[in-house]
């Protein structure tokens, strides 16, 4: 199966770091954020990768090349101007093929086991569903959560929070890791900007989105403070392993 890593964002909240370095190339634990994803995907047997870019995209291509040194095959989707999540995926559809594919946000750190994805992609292909989302516990910066998960089905968005019938613990945050059928994006004119959330909410309302709860490590590296904290955690973990 194929996977797409989203790397086209400007990273405004990370300025001035992102004035000269694309956000996915910022380092934590001695390694660019995007390289953590590439290595984990390859280790899980997912080596056919598409990476989109816009802001300082040439640096991403120069840093990662064709992916061979990671054991991957990387192709690039150069948007020029960032097209938002759904628009970027739609723009890359010619490179992603006809089967369900994985999408991973390039600006997160997560220890999710990507080896689960091929079987879930096969199940998605054989179902009426259009997407499968990996959800995580709500971080401090998103305490209300995004989606309501029950019995591995995403049954609503988290707002408005009229969820008295369901435990609050089932309202979770979207990790930025998902599986999608290409048909979900086929109606978006190539080269236009389009967000992902409205598409997902439409499919959730139709009962066509499955989900799972990942309880491991997940960090939305959206600020310099979170990047610094992640770097310290990873280095401490590395030092502990070497002791």
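Listing for the model above:
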quantity	calculated
Flag for residue 235 being at pLDDT below 95, exposed (fewer than 15 other Cβ atoms within 10 Å of the Cβ) and closer than 29 Å to residue 96 by Cβ	no
Count of residues meeting criterion [surrounded by 15 or more Cβ atoms within 10 Å (Cβ to Cβ) and assigned to a helix (DSSP H, G or I)] in the range 202-232	7
When residues of the range 66-82 are limited to those that are modelled with pLDDT of 95 or more and in a loop (DSSP other than H, G, I, E, B), the one surrounded by the most Cβ atoms within 10 Å (Cβ to Cβ)	72
The range 145-186: number of residues that are over 21 Å from residue 6 (Cβ atoms), modelled with pLDDT of 85 or more and out of contact with any strand residue (DSSP E or B) (no Cβ under 7 Å at 6 or more places or on another chain)	2
Counted residues, the range 1-49 - those being under 21 Å from residue 88 (Cα atoms), assigned to a helix (DSSP H, G or I) and modelled with pLDDT of 95 or more	5
Those residues of the range 99-126 which are touching a residue at least 60 places away in the same chain (Cβ under 8 Å) and assigned to a loop (DSSP other than H, G, I, E, B), in sequence order	99, 100, 106, 107, 111, 112, 113
Which numbered condition residue 56 misses (of (1) crowded, with 21+ Cβ neighbours inside 10 Å; (2) at pLDDT below 95; (3) farther than 22 Å from residue 199 by Cβ)	(1)
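The values are calculated or read from the model by the stated rules, or taken from the named source; none is laboratory data. As the structure is a computational prediction, the values presented were derived from the model and not from experiment. Reconstructed Cβ throughout: ideal geometry from the backbone, glycine too, with neighbour counts over all protein chains shown.
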